[in-house]
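Heads up, the thing below is written out as structure tokens.
We did not get these values from a lab; they are worked out from the coordinates using the rules stated. The model shown is predicted, which means the values in this text are computed figures rather than measured ones. Here Cβ is always computed from backbone atoms with ideal geometry, including for glycine, and neighbour counts include all displayed protein chains.
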DNA sequence: TTGAAAGCGCTAACAA
DNA sequence: TTGTTAGCGCTTTCAA
């Protein structure tokens, strides 16, 4: 199984045709339409190809001619390391990859990290469409994607008029979660959320920043919390919201620390992701707070580790999200008009939410 | 931020040039070599482009012309779901993605699962090179990759003459692990390994099947175990080896069950991956065997969960593996001749290995 | 069943 | 600074 020298490509379809004394059409047919020539001739062509080291039609040239790249682009602005470490993101990636595999098309990861302002990679990607996963509405890469004359499907965020989207009903899901907490008796809550804009702000969040967040999902979740708690008589302006730029367990812990240091009276920490919630639980343990006796902690996503820990959270079908997005994109030729697909979520009440300690009335039997 | 109708591409570089009354070169330069024309002219060109809905040079046409696809292909024959669920594989993927990102090239996942015999996807991938991750030596997709006139780097397996490769020194690593077990006193061992060929065999493995395994890594690990235990006076022909096709915790458990049901005298279960080892530990617990008191269990890879569990295992730098492979591929233009890079491994003795229960002599102070 | 002609949309010498 | 010329390697009507 030795290999000849790499990067040969001496032979082309044309040179093969010349060698054999047939037309290029015939050689092309030998590869793409076996039924268009005699088996004997085809055999001869393929054999000569092997002899000449012709590796078959060049995929790029074919793509140019057929106007089909045979690949789907994935734009993922999040830092890659985080993307691969967040089980929710990996699930989406897996689902999308499965959809691509079913369709026999490649999945092209576009090199675009938050730091890299260079949008050229988007222009250079030879793909038939893009899936965009959870980016801010002012992301320059996203803008570049939307300029390309190919269909696009957005997963989660942002919400853009006229562009297909797949995601959960964040507002409804968070509302149910909030109602659960309200019914338990929590009135003094704190929130720990993911980054709201492209600039780093590892700190408390002003009302202004909340309502103008460039990450729609976070904004919608905060709005839903505000609405639900306001309905329960809580003045949202008094509810502390802490933001963390990096989406890691460690940042979840430090966010919780900042929150609880300043607002020790908080009875429940609502996190907008499981990763942050897991960090918050670690911080609770560090300060000697028992969850859920002394502190309620909730998450969002429903990743496997959350389930193991019994975290009260909102489960969303991440694998499905990727799959549906892929299928939507690959089937978009037949459709007219944009489509928005809302995936179901499920409130999973675990062992990390309970009535606040400060409520003295008995909760059961009352 | 509304969008015009999708899939327009009415305008091309040529039509833009005609509209403006300049040459195509000039328009091309406006995009690719801004310093080759006056800022004023460039501005005019870009503005007209926007007005006409010209999305910039077509990436496929550009690739054809420049003979650069701007992407690296990744061949991963393993079922995608398993690939994304095995932290070792995810680590490799992450490392490779990071290397690609650094170089500004895309990462193109080739749709190729074990079932899919269709090799066309490999031919259709517009890439400048391939990274092949852990496939059997008779994999048809691999053969197709090697026929393509682009550089290729193989991670882990197979070992092919003349092709670049990145991986650990499996034999050395396993030998150290075996010596650790031998020094503890283990003589009655059993092995649980990953699949050895493309056909399923969830059963015991014959000597013949061991030595002709198409997955080189597994073969090498088994050979190293055989050599090390033979040196300690163990007749390898008497050592039971169980194989599992799917690489899951559940299959690790069922493999251990099959092994221990038939060979209850075994004092140590050597698993060729952490995933399998974690399953084996679950099975040990199920049968009431205390690890390591009643049974020693070892793994391979050094994934995070193994570390949390205190598993005795061989750690290998998976992220590094992907990164190095990517860099090797992307820098291969400057090199001559094939290159093999061996990554360091580390034996990590945890809490799952101890002297066998049947050994009555005191091990310390003796 | 096979071939001739006409591009797909672009970039890179080279020349002006 | 801009334009002319010549393909990159392939597929696809259409005609023979």
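Below is a table of values for the structure above.
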item: For segment B:96-247, share of DSSP beta bridges that run antiparallel, in % to the nearest 5; result: 10 percent
item: Relative contact order of chain A, defined on C-alpha pairs under 8 angstrom at six or more residues apart (%); result: 17 percent
item: Among B:283, B:243, B:19: highest mean-square fluctuation, GNM of chain B, C-alpha pairs under 10 Å; result: B:19
item: Spin-label proximity, residue A:159 to segment A:210-234 - amide N less than 13 Å from point 7 Å beyond Cα toward beta carbon; result: A:215-224
item: Gyration tensor verdict on segment A:85-146 (Cα atoms; rounded if a/c is under 1.5, prolate if a/b is larger than b/c, oblate otherwise); result: oblate
item: Contact order relative to length of segment B:132-259, as percent, for alpha carbon pairs under 8 angstrom and 6 or more apart; result: 28 percent
item: On Cα atoms only, tilt of A:249-262 relative to the major axis of chain A in degrees; result: 20 degrees
item: Simple spin-label estimate for residue A:211 and residue B:66 in nanometres, 7 Å along Cα-Cβ; result: 4.6 nm
item: Label spacing, shortest first and in nm, from residue B:117 to its equivalents in the remaining copies (7 angstrom along Cα→Cβ); result: 5.4
item: Cα gyration tensor category, rounded, prolate or oblate, for the protein assembly as shown with a/c compared to 1.5; result: oblate
item: Shielding of A:75-84 by partner chains, average beta-carbon count, 10 Å; result: 3
item: Choice from B:162, B:95, B:350 showing the highest fluctuation, given a GNM over chain B with Cα pairs closer than 10 Å; result: B:162
item: Neighbouring partner chain Cβ atoms per residue of A:99-107, average, 10 Å criterion; result: 6
item: Gain in span if fully extended, residue A:118 to residue A:143, counting 0.36 nm per residue against the direct Cα distance; result: 7.8 nm
item: Peptide A:118-130, shielding by other chains (average Cβ, 10 Å cutoff); result: 5
item: Other copies of residue A:169: label-to-label distances in nm, shortest first, labels 7 Å along the beta-carbon direction; result: 6.1
item: Separation of alpha-carbon centers, segment B:101-162 and segment B:180-206, rounded to whole Å; result: 29 Å
item: Share antiparallel - DSSP beta bridges, the protein assembly as shown, percent rounded to 5; result: 15 percent
item: Förster-model FRET efficiency, 35 Å R0, residue B:179 and residue B:199, C-beta, rounded to 0.05; result: 0.60
item: Antiparallel %, DSSP beta bridges [both residues in chain A], to 5; result: 10 percent
item: Projected-area mean, chain A, by convex hull of Cα positions, square nanometres; result: 24.1 nm²
item: Label point distance in nm, residue A:188-residue A:38, each placed 7 Å from Cα along Cα→Cβ; result: 9.3 nm
item: Other-copy label distances relative to residue B:51, 7 angstrom Cα-Cβ extension, nm; result: 5.9
item: Peptides A:81-87, B:20-26, B:296-302, B:104-110 ordered by average Cβ neighbours within 10 Å, highest first; result: B:296-302, B:104-110, A:81-87, B:20-26
item: Global form of segment A:201-286, assessed from the alpha-carbon gyration tensor, a/c cut-off 1.5; result: oblate
